[in-house]
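Bear in mind these aren't lab numbers, they're just calculated from the coordinates by the rules spelled out. Treat the numbers as computed from the prediction; the structure is a model and nothing was measured. Please note: Cβ atoms are built from the backbone with ideal geometry, for glycine as well, and neighbour counts cover all protein chains shown.
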Amino acid sequence: MSRFIACCCMLTLIGALLAGCGGSGITQSAETASYKVQLTLDAASFGQRIATIEVQDKSGKSAQVDQVVVAPLMEAMGMASPEQTAQSLSTGRYQVQGEFFSMLGEWEFDVKISKGGQEEIARFKIPVNQQ
Amino acid sequence: MSHRIIRAALATLMLILMLALPGLALAHGGHTGPAQTFTQDIGPYEIAITIEIPSGAPAPLYLNIAPQEDVGGVTMQFRAVPRGQPFAGAAIAEVQGLPGTQGIYYTELAIDRMGDWELEARASGPRGSGVARIPFTITANPMPAGSIGLFVALGGLVVAMIASIITSLVGQRRTKPLPGWLRWGIGQAMFACLIAAAIFGAQQFSSIIQNAQAASGTIPTVVGRPHANLAIHTNPGTAQASQPMTLTLNLSDGSTGLPIDDLITHHDALVHLVVISADGGFYAHMHPPRSAPGQFDAALTPDRPGRYTAYVEIERLDSGIQVIARDFMVGGTTSVAPPTFQGMGERTVNGLQVHLTANNAQFKAGKQATFTFSFSQQGKPLDDLQPWLGMGGHLIARSDDGAIFGHIHALGPMAPAGLMATGTNYGPNLQFVYTFPQAGHYQLWGQFRRAEQIITVPFAVDVQ
């Protein structure tokens, strides 16, 4: 019994430490007037990050659009990062790499989708808690 | 059966405990804390003073003094009194400035009670003297509910685990088994510690959720404060070109009319004052010292006659940053030539080569522009730019008509305050991102710090 308890305690402490060191990817979804947008970031931290954006129409079909631009912004500090255009991987699937985040805190990550001269913006909130 | 119940209970408690322990949530943007940095011009000397505010009193008040320029031969004196009381008779701490590259000077004062205090900082040296009165508050900072209990429980858990491992090892080597009550006791102790840790952890967890809700606005805790009004006075009353003058700022509450004394530091200063002549040839980014509640005095020497605009950037407690602009006139004559602003490209400033580029050949209103400053010296890229006001660089943008005023910060993390900032460097490239809100001609000034000197890089752009 005591051995079992010791194992449990050890696992608890290891788990708690791992919980504090977590830094895995983030996937969020948002909707605009015409699209369902899914954003996947490899990590919410400083440095070169990869953002993968999947754009679907309201029926759930992958949507081919003219341009997808990402625009990170930290409103609390009035800090904007350069906008970047995502590259198309396949129909409705886009990817962009860049240094999106440079301060700790909550960032707004706008995905601007353009088609036929119309622009719609999907807005995501990304908590950046690691350098 | 009882073992199964205990195991199930343990598994549940472990889950609760793991959820209850907070992750690493390091948010930036707080304006209060154990250390606050105040950058101001004390006479002709710009000095950043970091006050390490104690969590109680009586206690020593540690001061980290970081001159932003050479203070060789400068005597700096500090004394603190409860706000509203006279400084006469208060104990003085004195620091003597050394020439050359500046580090951080340390001194301390004794604080005997909590509440609102005022720190008087005096600097006197070959180039002149000045005084600043800096407000700060000492409040009790109790540990969150359950913190002590949680630490004790986790400590007990670790001790019991070590004891369990030792007894297991000893038991394997002995022919005679250890007494059963010993293993039973250790097991019960671990179980008790685990339960206690889960309870106190859950308390922590609920307070974290409450704080998060408050921060996200679910629970309204802050309602903001009225706007500020600004009156300015010059001394002499009619300032003259090439003559020293004092610009006094009087800030008052927009609702009560009373002097504002609730300013908090943002980017390491209570007030950021930018004074620009109408033609943009005179530019000064200053941090006037507080001389009385709501009053700040800036010493400057305008170099040409005409209209000047003072942009005053402040942040009141529980409120956002606001900029108030006021004009004043300077008389006299001048031999200073009208300014010529360079656009993109290379230039030499303070002996450094600064190459400025932009992401667009043409700038359009409403479209994002990215400016990149690249620093080098004799062909060698420089990566030893120092933090100034907590950032790698500042960019001030102003439209020709004075209506648009932008204060943009270089991309990159803020430098830590006080001693922790030592060794934080930036460069060789620093980027600024700004969206010009309307078409027109803009004057801009990039500002950086290297080798205890402020480097100012003026340029201009046309926005369509």
Normalise the Debye intensity by I(0) for segment A:24-128, one equal point scatterer per Cα, no solvent, then take log10 at q = 0.24 Å⁻¹ and round to two decimals. -1.35
I want to check the label-to-label distance for residue B:35 and residue B:147. Put each point 7 Å from Cα in the C-beta direction and report it in nm to one decimal. 1.8 nm
Computed P(r) (all Cα pairs; segment B:43-136; 5 Å bins; percent): 3, 14, 26, 24, 17, 10, 5, 1
Peptides ranked, highest mean first, by Cβ atoms within 10 Å: ranges B:423-436, B:162-175: B:423-436, B:162-175
Estimated dipole of segment B:228-331 in Debye, rounded to 20 [Cβ of Lys and Arg +1, of Asp and Glu -1, Cα centre]: 340 debye
Peptide A:75-82 - average C-beta neighbours from other chains (10 Å radius): 6
Shielding by partners - mean other protein chain Cβ count within 10 Å, residues of B:402-412: 2
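Using 0.36 nm per residue, how much length does the chain from residue A:28 to residue A:115 gain when fully extended, once their Cα-Cα distance is taken away? Let's see the in-between values first.
On the way: separation 87, 0.36 × 87 = 31.32 nm, distance 2.22 nm.
Roughly 29.1 nm would be gained on extension.
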Using the basic label-point model (7 angstrom from Cα toward the beta carbon), what is the residue B:139 to residue B:403 distance in nanometres? 4.1 nm
Helical mean residue ellipticity (222 nm; -39500 (n - 2.57) per DSSP H run of 4+; nearest 500) of chain B: -6500 deg cm²/dmol
Karplus-derived 3J(HN,Hα), 6.51/-1.76/1.60, for each residue of segment B:246-262, Hz, glycine and proline x: 10, 9, 9, 9, 10, 9, 10, 6, x, 9, 9, x, 7, x, 7, 10, 10
Cα axis of helix B:180-216 to longest principal axis of chain B: angle in degrees, 0 to 90, nearest 10? 30 degrees
Under the definition of partner shielding as Cβ atoms of other protein chains within 10 Å of a residue Cβ, what is the mean value for peptide B:187-195? 3
Label point distance in nm, residue B:327-residue B:453, each placed 7 Å from Cα along Cα→Cβ: 3.6 nm
Using +1 at the C-beta of Lys and Arg and -1 at the C-beta of Asp and Glu, which of B:322, A:87, B:298 has the Cα lying farthest in the positive direction of the dipole of the protein assembly as shown? A:87
Cα long-axis angle, helix B:147-173 against chain B (0 to 90 degrees, to the nearest 10): 40 degrees
What does the charge dipole of chain B about its Cα centre add up to, to the nearest 20 debye, if the Cβ of each Lys and Arg holds +1 and the Cβ of each Asp and Glu holds -1? 1980 debye
For residue B:380, give me every one of the aspartates and glutamates with a C-alpha distance below 15 angstrom, ignoring sequence neighbours fewer than eight places off in its own chain. B:346
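Dipole of the protein assembly as shown, Cα-centred, from +1 at each Lys and Arg C-beta and -1 at each Asp and Glu C-beta, to the nearest 20 debye? Please report the intermediate quantities before stating the final value.
Working: 35 positive and 42 negative charges, 487 e Å.
Result for the protein assembly as shown is approximately 2340 debye, rounded to the nearest 20.
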Enumerate the whole-percent occupancy of each 20 Å bin, from 0 to the last occupied one, for all C-alpha pair distances of the protein assembly as shown. 16, 43, 30, 10, 1, 0
Fully extended contour minus Cα-Cα distance, from residue B:342 to residue B:441, at 0.36 nm per residue: 34.4 nm
Cα centroids of segment B:161-185 and segment B:438-464: how far apart, whole angstrom? 73 Å
With a Förster distance of 60 angstrom and the Cβ-Cβ distance between residue B:376 and residue B:158, calculated FRET efficiency to the nearest 0.05 equals 0.65
Quick check: convex hull of the Cα atoms in segment B:345-463, volume per residue, rounded to a whole Å³? 102 Å³
For chain B, take the convex hull of the Cα atoms, compute a quarter of its surface area, and give me that in nm², please. 32.0 nm²
Candidate lysines for bridging to residue A:36, where Cα separation is under 25 Å - those fewer than 8 sequence places away on the same chain excluded: A:58, A:61, A:112, A:115, A:125
Relative contact order, percent, of chain B when contacts are C-alpha pairs under 8 Å separated by at least 6 residues? 12 percent
